[in-house]
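Data first, discussion second: the structure below is written as structure tokens.
The numbers here are math on the coordinates, done by the rules we state, and not lab data. What you are looking at is a predicted structure, and each value in this text was computed from that prediction instead of being measured. Cβ: placed from backbone, ideal geometry, glycine included. Neighbour counts: every protein chain shown.
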Amino acid sequence: MVNLKRNSALILAAAFLFSGCAVDRSMESKKIIEKDNGKLVELTVGNTLIVELPGNPSTGYMWQIVSVDTSVLKQVESATKFKADTKKLIGSPGKVTMLFKAAGQGKTMLKLAYHRSWEKKIAPLKTYQVDVIVN
């Protein structure tokens, strides 16, 4: 009888300890960079997708969304963020960061173009595309 009580107490204690170990995957983030172009990205609803690409806004070129299903993947901030590689030179290149939230289950293609917005009939300098699956 004593062994049964002791074993029950150990089982309850272990269950209590491990119940706090459940991972909330909705708060996770995944960062993708230039080398991830063309790859598949898997997220869970609520995850944040960080897209970090090389850029230089002083040249007039900016990364812009060409296509995405916003019911699956929604941009968190309306503007992209830029951080120069060096602060010593005005107009130096750096990293452009865009944040997205996995809004709902499904699949979408996130396609971005690096171009000058006023050059309507000129092909983008670069494109970036990933397939995103949200579970």
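With contacts taken as Cα pairs under 8 Å and at least 6 residues apart, the range 25-134 reaches a relative contact order of 34 percent.
Its alpha carbons give the range 25-134 an Rg and a Dmax of 14.3, 44 Å. When peptides 97-103, 114-120 are ranked by their average number of other Cβ atoms within 10 Å per residue, the highest-first order is 97-103, 114-120. Note on Lys121 and Val76: the model spin-label points, each 7 Å out from Cα along the C-beta direction, lie 4.1 nm apart. A cut-off of 5 Å between modelled amide H atoms, ignoring neighbours fewer than 5 places along the same chain, links Asn37 with no other residue.
If you take the beta carbon distance between Ile33 and Lys107 as r and set R0 to 22 Å, what does 1/(1 + (r/R0)^6) give as a FRET efficiency, to the nearest 0.05? Can you show the working numbers first?
Values: r = 21 Å, r/R0 = 0.98.
Efficiency at R0 = 22 Å is approximately 0.55.
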